[in-house]
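Student: Following this message is one structure expressed as structure tokens.
FYI, it's all coordinate maths here, none of it is from the lab. For clarity, every value in this text was computed on a predicted model and none was experimentally measured. Every residue, glycine among them, receives a Cβ derived from its backbone with ideal geometry; neighbour counts consider all protein chains shown.
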Amino acid sequence: MLAQPAAITRSAASRAATLVGRLFFFDNLRIVAMALVIMQHVGQVYGPTEGVWMIPPQAETAFILDPFFTVNRSFGMSLFFMIAGYFAVLSCDKKGPRPFLKDRAVRLGIPLLGWAVFMALVQIFLMPTPATGNRLGIPWPVEVAHMWFVELLLIFCAVYAVARMLLPARPAPARDSRVPPGWAIVLFALGLAFASAVVRIWYDMDEWVYVLGVIKLQPFDLPRDLALFIVGMLAARRDWVMRFPSRSGRVWLGVGVALAAAWYAFRLAFPAGMDADERLVGGLFTLWESFLCVGMCIGLTVLFRDLWNWQNSLLKNAAQAQYATYVFHIGVVLVFQWLAMPLDAPPLVKFLLVSLFAVPVSFLVGYWLRKPLRM
């Protein structure tokens with residue numbers, strides 16, 4: 001069994017009780033996840049990627065970053081959505097649906113609108129098109145760049161708040177209700193893989209869609225991100241995070257790490273890939289991705305809950321700056337990538353060097369801008 005529904009031991013229960021006061025482990029988990037997001041964007045110049053970036057990639061790239069990109073994107077943003085779903089429930093319960101919706105509209109909507117205006121100016125003055133005589137660009141569809149996450153999160157929170165206002169209130173589940181057993185988690189991962197496979201019949205990786213010209217989303221990843229947001233909501237409502245058995249969490253973390261290591265081994269051993277039926281490869285990849293995502297999201301949450309539920313002043317400041325860091329880190333990354341352009345060094349060395357500076361400086365910028373911008 002991958003998760004035991006049996007009662008948690010007395011020591012685990014007492015430890016969970018001490019966690020209720022402040023969820024430091026979620027703050028720390030988001031700091032680490034944010035660092036991975038920054039490094040993912042740093043690697044756009046130094047690794048083999050088909051994505052669009054403001055600085056062109058080097059002629060020579062570090063292939064070892066290819067599996068890094070794949071593993072990171074297979075769970076990183078979904079982990080953010082899961083945590084966001086967890087706190088959406090807690091915040092909505094505390095404030096009420098209407099104040100919660102107003103708070104999210106301000107906190108998420110204003111930075112999103114500001115970034116959309118900025119990108120519109122970039123499109124107009126720096127991206128001319130033949131239709132305008134090569135003088136001015138057209139700011140349509142609305143481009144929000146990396147703020148797609150904030151846009152989707154705002155939509156998810158708005159739907160939840162409206163549903164809470166319209167649907168009759170139901171009694172909260174008993175706090176001693178069972179955590180999901182192993183077979184249920186396996187079925188969830190299989191269902192997630194199936195839903196993703198269906199969507200990917202029509203949409204490829206890195207294919208972006210602009211719904212009504214204003215909602216930017218990537219259908220390739222949408223089932224996973226939405227599913228993990230809902231999982232976070234259920235985890236908050238049913239107290240799964242505090243009561244999930246530590247042993248089962250380690251097992252799921254082992255599943256995620258093993259699948260990640262397997263992908264590194266496969267890509268480094270077969271950099272050109274293998275000849276196989278495209279549908280078979282796509283199905284196996286979707287299964288691999290779904291189980292890795294589930295394993296890492298469960299495993300890392302339990303690991304941080306058990307071992308890293310504390311904060312010093314540095315971690316506290318980084319946690320408070322995490323949202324502003326996400327909003328503004330792109331500019332910091334671009335500056336350091338530009339500064340590293342004249343450097344005569346292998347691409348992997350440049351990646352490590354730029355990451356070494358971009359990660360802490362991004363958090364510093366986020367911390368400095370958080371209070372003046374009320375973020």
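Student: Relative contact order for region 10-370: what is it in percent, counting Cα pairs under 8 Å that are at least 6 residues apart?
Tutor: 28
Student: Could I ask something else about it? Taking volume of the Cα convex hull per residue in Å³ as the quantity of interest, determine which of (i) 154; (ii) 167; (iii) 146 was computed from the displayed structure.
Tutor: Derived directly from the coordinates: (ii).
Student: Would you calculate, for the chain, the mean residue ellipticity at 222 nm contributed by helices, counting each DSSP H stretch of 4 or more residues as -39,500 (n - 2.57) and dividing by all residues, to the nearest 500?
Tutor: -23000 deg cm²/dmol
Student: Go ahead and set up a Gaussian network model of the chain, Cα springs under 10 Å, then flag whichever of 354, 150, 281 fluctuates most.
Tutor: Among 354, 150, 281, the largest mean-square fluctuation in the Gaussian network model of the chain belongs to 281.
Student: Taking amide H positions as placed in the peptide plane 1.01 Å from N, state which residues far from residue 136 in sequence (5 or more) or on other chains have amide H under 5 Å from it.
Tutor: Counting only residues 5 or more places away or on other chains, the set is 129.
Student: Let me ask something else. Work out the charge dipole of the chain with +1 on the Cβ of Lys and Arg and -1 on the Cβ of Asp and Glu about the Cα centre, then indicate which of 127, 318, 268 is farthest towards its positive end.
Tutor: 318
Student: Pull up the cross-link candidates among the lysines for residue 95, meaning alpha carbon to alpha carbon under 28 Å and not fewer than 8 places away within one chain.
Tutor: Filter leaves 316, 371.
Student: Could I have the simple spin-label model distance between residue 258 and residue 159, label points 7 Å from Cα toward Cβ, reported in nm to one decimal?
Tutor: Modelled inter-label distance: 3.4 nm.
Student: Please identify, among 187, 315, 167, the residue showing maximal mean-square fluctuation in a Gaussian network model of the chain using a 10 angstrom Cα cutoff.
Tutor: Looking only at 187, 315, 167, the biggest GNM fluctuation is shown by 167.
Student: Given Cβ point charges of +1 (Lys, Arg) and -1 (Asp, Glu) and nothing else, what value in debye, to the nearest 20, does the dipole of the chain about its Cα centre take?
Tutor: 2000
Student: Tell me which of 364, 338, 308 sits at the most positive position along the dipole axis of the chain, charges placed on C-beta atoms (Lys, Arg +1; Asp, Glu -1).
Tutor: So the residue furthest toward the plus end is 308.
Student: Please give the peptides 264-271, 230-237 ranked by average Cβ packing (other Cβ atoms within 10 Å per residue), highest first, as a rough proxy for protection.
Tutor: Highest mean packing first, the order is 230-237, 264-271.
Student: A further question follows. Along the charge dipole of the chain, Cβ charges K/R +1 and D/E -1, which of 91, 256, 153 sits furthest on the positive end?
Tutor: 91
Student: Next up: Springs between alpha-carbon atoms under 10 Å, Gaussian network over the chain: tell me which of 316, 216, 94 tops the mean-square fluctuations.
Tutor: 94
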